[in-house]
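The structure appears below as structure tokens.
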Amino acid sequence: MTKQIILLIVLSAIIFSCGKTPQISREEVPAEDTTEVIVNYKFGVPVDSFFIVGGTVRRNQFLSNILSGFDVSYGTIDYIARSLKDTFDVRKIKVGNPFSAFLTNDSVPKLAYFVYEISLVDYVVYDFTDTVVTATRGAKETYTVHKEIKGTITSSLWNAMKENNANPFLAIELSEIFQWTVDFFGIAKGDAFKVMYSESYVDSTSLGIDSIYGVWFRHLKQPYYAIPFVQNEQRHFFDQDGNSLRKAFLKAPLRYSRISSGFSNSRYHPILKYYRPHHGVDYAAPSGTPVHTIGDGTIIKRGYQKNGGGNYLSIKHNSVYSTTYMHLKGFAKNMYVGKRVTQGQTIGYVGSTGSSTGPHLDFRVYRNGSAINPLKIKAPPVEPILKENKDSFEIVKELIIRKLDAI
């Protein structure tokens, strides 16, 4: 009995010692590393792994010149130009566009990746890390910023945008929207505006105005609204009464110019040296500036007046109105008598042909065959808000006007 007890004690000791969980100090257990490793990428390449050399394409510089500077053989360069042209045609590199060379951090650095920026967004990456060079296209991430701005004009709409830290090209967008309503050649000090819009960016560089959501514009104390609304599957701008801001005629046949001479029954001619009627408006602009027809119509005359208007073009818009464009440097392609043209279409280019002291456009408007002042045309709007869209438009209009008033 005693032997059995002793045996049980011995067996228990053995079992206890064998089943005992060993005690290990904290120092012996490796602590879990919870530190997050942040890897910075540029064009999909880990920046911290390489030394980066940046530059821009110089005049008379080609990809071969650039890559040879990083010890890339001419055989490899030829392979890139010939075999990888479906990804990017190296003949299309442009002066001023940036490039980046990713070099290894070795004692003798070697080119690992080469990136050429095709545009602000698109780029191509050449991978030199393998025996055969490969090329892939990529695009930078873009984002949109919604903005609100207001300002008062002291000199020009362009300068007013800059003074209010807005993209000055917003001025062009507004001139496009109100081109049938506001005479932008007559913008006055004290005119004001409020705009809701969005602008697209890549990195910190603007890609341009993305969309206009509403505009209030005060010109010569007269307020104008631009309310965007989709009708017949097309987005147009309407005023607060539901009339389209698009009119039968544009306010002017040029987008960027100044009025150098107005409509007059007695104007002193600088070449002929005597007074005579000038039944048109002269727009001074650089030679070659595109000239647009102010409305839909058909070309009824095209020719040259040796001692008068030089190259000229006449368009019949309807049974009442016709227009003439004079002193043209030349005509746009396929501008022939009988040709149908549409509002805003380029029909010719500013010149100084005929009796002219410098490049300008002599623009004339005729109503029932009689010359009238182009600056005083009150053209009717095109299709207004349809009856079935009235309720929807009113909701949109009230919301936009309320937001504009709050700016």
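The values are calculated or read from the model by the stated rules, or taken from the named source; none is laboratory data. This structure is a prediction, so every number in the text was calculated from the model and none was measured. Positions of Cβ are generated from backbone atoms using ideal geometry, with glycine treated the same way; all protein chains shown enter the neighbour counts. Remember, those area values only see protein heavy atoms, side chains included, never the ligands or the DNA or RNA. Shrake-Rupley method; radii C 1.70, N 1.55, O 1.52, S 1.80 Å.
Data for the structure
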{"item": "Mean accessible surface per residue for the range 115-162, computed with a 1.4 Å probe while every protein chain stays in place, in Å²", "result": "56 Å²"}
{"item": "Length added when fully stretched, Ser83-Phe51, from 0.36 nm per residue minus Cα-Cα", "result": "8.8 nm"}
{"item": "Rounded percent of accessible protein surface that carbon and sulfur make up, the range 43-182, 1.4 Å probe", "result": "49 percent"}
{"item": "For a label point 7 Å along the Cα-to-beta-carbon line of Thr342, residues of the range 294-332 with backbone N under 18 Å", "result": "294-299, 316-318, 332"}
